[in-house]
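Here's the structure we're looking at; comments come further down.
We did not get these values from a lab; they are worked out from the coordinates using the rules stated. What you see is a predicted model; the values in this text were computed from it and never measured.
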């Protein structure tokens with residue numbers, strides 16, 4: 001059985017959500033170069049968690065800039081393509097299809113490059129995750 005909308009079903013005090021590519025709506029997000037597909041987890045978890053698929057078909061034209069997220073944590077799993085990230089500890093990482101990454105809330109980072117085609121599953125706790133621009137960490141100023 002298929003439906004035309006994301007299904008959120010409550011049973012007693014617990015709720016579950018089911019989404020398909022056809023039913024998960026596109027929603028506004030943090031970055032203009034991404035499309036964000038809401039998987040219904042925010043509503044089902046009453047804001048405790050968000051899950052969305054972020055996709056881009058043109059790649060990044062410039063780095064996002066150093067920032068951190070106001071949240072407990074952000075988990076990403078690359079479905080297609082790759083993204084290069086810099087972290088406050090001086091590390092640079094390429095996250096490729098089939099790889100995952102957990103970023104604790106408050107950890108400064110910068111997305112610097114992506115493949116032309118990119119698709120990422122992002123899960124964050126709580127759902128309402130803030131993004132705060134910040135200066136490049138001092139450790140990076142010494143390296144570059």
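Express in % the proportion of alpha carbon pairs of the chain at distances exceeding 21 Å.
Pairs farther apart than 21 Å: 46 percent.
Using Cα-Cα distances under 8 Å and only pairs 6 or more residues apart, what relative contact order does segment 10-137 have, in percent?
Taking the mean separation of contacting Cα pairs over the length of segment 10-137, I get 30 percent.
Per the Cauchy relation, a quarter of the hull surface: what is the mean projected area of the convex hull of the alpha carbons in segment 51-116, in nm²?
Value for segment 51-116: 4.4 nm².
Under the rule a/c < 1.5 gives rounded, and otherwise a/b versus b/c splits prolate from oblate, where does segment 46-87 land using the Cα gyration tensor?
Judged from the Cα gyration tensor, segment 46-87 comes out oblate (a/c at least 1.5, b/c at or above a/b).
Where does the chain land at 222 nm, in deg cm²/dmol rounded to the nearest 500, when only DSSP H runs of n ≥ 4 count, each adding -39500 (n - 2.57), divided by all residues?
Here the helix-only value at 222 nm equals -1500 deg cm²/dmol.
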